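Down below is the structure, laid out as structure tokens.
The values are calculated or read from the model by the stated rules, or taken from the named source; none is laboratory data. Note that the coordinates shown come from a computational prediction; the quantities given were computed from them, not determined experimentally. Virtual Cβ from ideal backbone geometry, glycine too; neighbours counted across all protein chains shown. Each accessible area value is taken on the protein alone, full model and side chains, heavy atoms only, with ligands, DNA and RNA left out. Shrake-Rupley method; radii C 1.70, N 1.55, O 1.52, S 1.80 Å.
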Amino acid sequence: MSQVQQLEAIQAYCQELFGKDSSGHDFFHLKRVARLAEDIAKEEKADQFICIAGAWLHDVGDHKLFQDPMAALAEMDEFLRSIHLSEEQILAIHEAIVNVSFSKGKIPSSIEGKIIQDADRIDAIGAIGIARTFAYGGSKGRLIYHEEKKEGTSVQHFYDKILTLKDTLHTEAAKRLASKRHAFVELYLEQFFEEWN
């Protein structure tokens, strides 16, 4: 099986797992992250296959999305073996995705992991990032905003996480991409409060 065929199989696997997600962690989020990771990997001269495969798979085992994260990762490993990835490649994918999540507060050890983390964070910023913030908030029953009790609202999430992401990026390519998106989020929030008040 060629790497192109393996990546097509991984896409189909992710479609099955995330195709019906409505929290902003859907198939199209993974597709955008994979595309961003590929572009950054080219610039950083990293392993493109690991970056793309890992980007597609980076939400597998996320505690926000899976009741049994360890079982989800074990199933992923079995799937990767079934499409003839080597144990070395599977290990590299694990190393790349294990610390991607913002909530873990960790930095991946490999350049491929740093690239996937950057790509994932870029997709949380900008117009799509705004849409994803409200989609996730809605899926968790969060209010859009509350004048007295701001904690736990979708708008507060911009201040707790989204506006901090630009300064956590590792690669120059990601920093360039994030700059315009970050400015758009700031502009959006300015407009939001103008309309709210």
Handout entry: the stretch 1-60 - convex hull of the alpha-carbon atoms, volume per residue in Å³
Key = 70
Exercise for the section: Starting from the residue with the highest accessible area, list Leu163, Leu143, Leu80, Leu177 in decreasing order, probe 1.4 Å. Expected result: Leu143, Leu177, Leu163, Leu80
Handout entry: Principal axis dimensions, largest first and in whole angstrom, of the stretch 106-197 by Cα
Key = 43, 25, 18
Practice task
Whenever you get a sec, compute what percent of the accessible area on the chain sits on carbon and sulfur atoms (1.4 Å probe).
Solution key: 52
Exercise for the section: Could you tell me the distance between the Cα centroids of the stretch 67-141 and the stretch 15-52, to the nearest Å? Expected result: 9
Practice task
Quick one: net charge around Gly105, please, counting Lys, Arg +1 and Asp, Glu -1 for every other residue with C-beta under 15 Å from its C-beta.
Solution key: +2
Exercise for the section: Provide, for q = 0.07 Å⁻¹, the log10 of I(q)/I(0) from a solvent-free Debye sum over equal Cα point scatterers in the chain. Expected result: -0.21
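Counting only C-alpha contacts under 8 Å and six or more residues apart, can you give the relative contact order of the chain as a whole percent?
Values: 238 pairs, mean separation 39.6, N = 197.
Reported as a whole number, the value is 20 percent.
Would the stretch 38-100 count as rounded, prolate or oblate if I go by the C-alpha gyration tensor, calling it rounded below 1.5 in a/c and otherwise prolate when a/b exceeds b/c, oblate otherwise?
Values: a/c = 2.59, a/b = 1.44, b/c = 1.80.
Because a/c hits 1.5 or more and a/b fails to exceed b/c, the stretch 38-100 counts as oblate.
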Fill in the blank from the handout: Taking r as the C-beta separation of Met70 and Ser109 and R0 as 22 Å, the FRET efficiency to the nearest 0.05 is 0.65
Completion exercise
Stretched fully, the stretch from Phe134 through Glu172 gains (0.36 nm per residue minus C-alpha distance, one decimal, in nm) 10.8 nm
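State to the nearest 20 debye the size of the charge dipole of the stretch 38-162 about its Cα centre, where the only charges are +1 on K and R beta carbons and -1 on D and E beta carbons. Before the final figure, lay out each step's value.
Values: 14 positive and 22 negative charges, 120 e Å.
Dipole of the stretch 38-162, to the nearest 20 debye: 580 debye.
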